[in-house]
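The values are calculated or read from the model by the stated rules, or taken from the named source; none is laboratory data. This one's a predicted model, so the numbers in the text were calculated from it and none came from an experiment. Every residue, glycine among them, receives a Cβ derived from its backbone with ideal geometry; neighbour counts consider all protein chains shown. Each accessible area value is taken on the protein alone, full model and side chains, heavy atoms only, with ligands, DNA and RNA left out. Shrake-Rupley method; radii C 1.70, N 1.55, O 1.52, S 1.80 Å.
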Amino acid sequence: MRRSHQMAALFFLAVSAYLMWESWNNMEYYTPLGPGAGFFPFWLGALLGGLGIAWLIQVSGRSGGIEAGPSLPPRGGIVRILSILLSLAAVSAFMDLLGFQLVMFLFMLFVLMILGRQRIWTTLIIALICSVGVYRLFGRYLDVQLPAAFPAFLANLGL
Amino acid sequence: MDVFQNLLMGFSIALTAQNLLLAFIGSLLGTLIGVLPGIGPAAGAAMLIPLTFQMGPTGAIILLTSLFYGTQYGGTITSVLMNVPGEAASAITCLDGYAMAKQGRAGVALSIAAVGSFIGGTFATIALVFAAGPLTRWALEFGPVEFFALIVLGISMLTGLAGKSMIKALMMGVFGLALAMIGIDPIRGSPRFTFDRVELMDGIGFVPVIMGLFGLAEILENAEKPFAQMVLARMSTLIPTRGDIRDSVGPILRGSVIGTTLGLVPGITNSASSFLAYIAEKKSSKTPERFGTGMVAGVAGPETANNAHANGALIPLFTLGIPASPTIAVIMGAFMMHGIIPGPLLFKEHTAVAWGVIASFYVGNVILLILNLPLIGIWVQILKIPYGVLCGIIMAFMVLGAYSVGNSTFDVAVMTLFGVVGYLLKKFDFPLAPIVLTLILGPLMERSLRQSLEISQGSFGIFLSSPIAVVLLSLAALFLIVPAFMFFRRRKGVLPGDGEAVA
């Protein structure tokens, strides 16, 4: 348990080092008019570093081991979490290419059937409402334009 | 114009058909979000922001604020009927609310909670009306020096009270400030931490960040276990007995004062208000041993305090420009997206917006009172929808909300990334609220610091030249030092117990 907290503290120390290095080397720290673009982030990095060290000392000390570490979810939970994240990553990657309607329809099919274990008709109806229904509603009545499919054969299908 | 004339003008704006409709939709959606597991008020409000782009600022803020206090009521429904708090602030209501439901008195518990919420919310709004003038006049004396000190105070109060570990809360505050540095430097115009991505030139969008931290992270946490169907208690008559009403009067009055007062303090969440109201009722009761067995006071006090807090917490936002909670930070972000900076100048430069929104709080509270009791049956039906379905629909709307802010799939990726970040931070018991508050306040804080140092030609002594700044910074130091001091004393075994501030 102590090890995971130490790793997390080291991660924040790395972020702190990056903030300080980047703001010192690639930004103006001070200008004739006053503090430059690097001034505030540099001191934020320093503060984060100080706090990270304090936390590292705290979790590495004798009482640090008492603090409960993060518990790993069961295997099924990990699969569900990764499935959600990968499907969202796929939505983000393919929405501009395949359009909102098709991507959201497939996303909802996946989430409802595989993760939610819903019946096929329930899944299809909800997936259609959340994809085609939302696309029409948002585009026509709320003036929020969602992406259409790029390939001509999909665009011709109204996707 | 005096307060009453301003308020009358506000009502003339809030009572237009369009604004009434927006308050109605906001209250309805807020209650729905409060009822639904896996989506909190901050993520819910963030999701709605893209839909407000086509509206004027008054309508947009009315929609979001009515959604905000709608969520407070929605959380109560699940606490009473399922023993599952929809919002953290309703957790304490489970004790007596669910016990009442098991006795077949769920309807009475919900009625008392609705009336208490209405009175608490109205009480806090009246406080806002009368506090607005003096606080605004005081804050108008603020220059960049005082404003910087005020933000430091807000952040230190938040982190000092945020949870078990002050170090972790401070780390999250600094992490949020670091995120706020991404984008074009507000004073010199040079890009910072953009990794050569055009999408990051305008900074990291707070809407996808909030939806990731508060929405997706919650769904990921729930996904650890198989999605289970929720079990509901049976509904009953909504009409309380004369004895119930008599037992509720005191708790509602006390809850109104507790919630409004604590709502003024940035960093104290409404769960602290409802918890303190519950303790106050237990202490003042002649039969404290009966609390937890279905006492009306155990529902009336906390629920009133919860809603009074939600409305009271808008006072620092409207008068000083300091958001007291993540959801209010989202509302502040919505103000800024419509070109309005909340704070002392709000009442001077955008009088109609400020008073229109304040008047809408009264209207929204009335709508919630009228709307919710007859609709309880519908909320119960919604709760019967399997979580797997709800979860899918919530994620679809999160994708939609994240995309619509900037019409960019990059924001969907940002939301996903921050879902992972939020999930991991929760695993390590980091408080998430400081990230959101400092993400919103970061640019204002940096600007006021740099302006102050430009005025003083680099001398930090300028922060000691203003009595207001000295007082504010001293208070900030106190908020950081006292919890640290308590922590070390506790480690030496001087103080018993945890002493954790309720976050």
Check: Can you name the residue in the range B:371-391 that is β-branched (Val, Ile, Thr) and part of a helix (DSSP H, G or I) and, of all such residues, is most open to solvent (accessible area, probe 1.4 Å)?
Finding: B:ILE378
Next item on the list: Go through (1) part of a helix (DSSP H, G or I); (2) buried (at least 20 other Cβ atoms within 10 Å of the Cβ) one by one and return the number of the condition A:ALA149 breaks.
Entry: (1)
Next item on the list: Might you check whether a residue that is in contact with a Phe, Trp or Tyr (Cβ under 6 Å, 6 or more places away or on another chain), more than 18 Å from B:LEU200 (Cα to Cα) and at the interface with chain A (Cβ under 10 Å from one of its Cβ atoms) occurs anywhere in the range B:378-400?
Entry: yes
Check: What pairs come up if the first residue lies in the range B:164-187 and is closer than 16 Å to A:TYR18 by Cα and more than 7 Å from every other protein chain (Cβ to nearest Cβ), the second is assigned to a helix (DSSP H, G or I) and open to solvent by 30 Å² or more (accessible area, probe 1.4 Å), and their beta carbons are under 7 Å apart, counting only those six or more places apart or on different chains?
Finding: B:ALA180/B:PRO443
Next item on the list: Return yes or no: is B:PHE347 more than 24 Å from B:PRO144 (Cβ to Cβ) and open to solvent by 10 Å² or more (accessible area, probe 1.4 Å)?
Entry: no
Notebook entry, point to check: In the range B:387-414, which residues are under 13 Å from A:SER87 (Cβ atoms) and in contact (Cβ under 8 Å) with a residue 12 or more places away in the chain?
Noted result: B:CYS391, B:MET395, B:MET398, B:VAL399, B:VAL412
